[in-house]
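Right, one structure below, let's go through it.
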Amino acid sequence: MTLERTLSIVKPDAVAKNIIGKIYDRFESVGLTIVACRMTQLSREQAEAFYEVHRQRPFYGELVEYMTSGPVVVQVLEGEDAIQTNRRVMGATNPEEAEPGTIRADFAESVQANAVHGSDGPETARSEIDFFFDEGDVCQR
Ligand code: CMP
């Protein structure tokens, strides 16, 4: 087991539904600690850059539109195996395939408006954390 950090986003659909606290409760319930957080409205340039890896996908344009449609909350989660722990608690990308009791099964609207984002591996976690936060923004708990 290793202490890790991962980048998480509460997406516009979940912010609009006023369930930020319910989602934070899911993170904290599985032992993840929020060590940095901020609400922000992504610009088109930021959303395009964050999802650059998906640029060739047919849903890229809609994804950028959606992620800029309202504010998001970005946070760094810390804990043992934080990357996989967060992915387990989020559930599958498509809420119809997500395990019961996961965030996406309980709160997501669709494969696009799927409530949360979480880094998918250690390198992605590092670059996604750096995308939103300076080292000084991350607090020791
Ligand atoms: P996320 O974990 O943020 O990573 C990429 C995002 O693209 C994903 O969550 C979904 O919001 C979105 N996405 C993935 N597949 C599709 C799809 N088939 N149609 C629309 N959006 C998708």
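Numbers below:
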| quantity | calculated |
| --- | --- |
| Per residue value of the accessible surface for region 1-130 (all protein chains in place, 1.4 Å probe), Å² | 51 |
| Among Leu63, Leu77, Leu32, residue whose mean-square fluctuation peaks in a GNM of the chain (springs only between Cα atoms under 10 Å) | Leu63 |
| For region 18-41 versus region 87-111, the gap between their alpha-carbon centres in whole angstrom | 16 |
| Modelled FRET efficiency - R0 35 Å, Glu96 with Leu3, Cβ distances, 0.05 increments | 0.55 |
| Residues of region 1-45 with amide N under 12 Å of a point placed 7 Å along Cα→Cβ from Glu80 | 1-4, 31-32 |
| Sequence-separation-based contact order of region 1-108, relative, with Cα cut under 8 Å and 6+ spacing, percent | 41 |
| Over region 11-77 - Rg/Rh using Cα atoms and the Kirkwood inverse-distance radius | 1.02 |
| Whole-percent carbon and sulfur share, accessible surface of the chain, 1.4 Å | 48 |
| Compactness index (Cα Rg / 2.2 N^0.38 Å), region 1-130 | 0.97 |
| Estimated Rh, region 68-129: Kirkwood, alpha-carbon pairs, angstrom | 12.3 |
| In region 40-112, the GluC sites (Glu not before Pro) that fall in loop regions by DSSP, at most 15 other Cβ within 10 Å | Glu109 |
| Only Lys, Arg (+1) and Asp, Glu (-1) charged, at Cβ; the chain dipole about Cα centre in debye | 260 |
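The values are calculated or read from the model by the stated rules, or taken from the named source; none is laboratory data. Since the model is a prediction, treat every value here as computed from it, not as a measurement. Here the Cβ is made from the backbone with ideal geometry for all residues, glycine too, and neighbour counts use every protein chain on show. Side chains included, ligands, DNA and RNA excluded: accessible areas come from the protein's heavy atoms. Shrake-Rupley method; radii C 1.70, N 1.55, O 1.52, S 1.80 Å.
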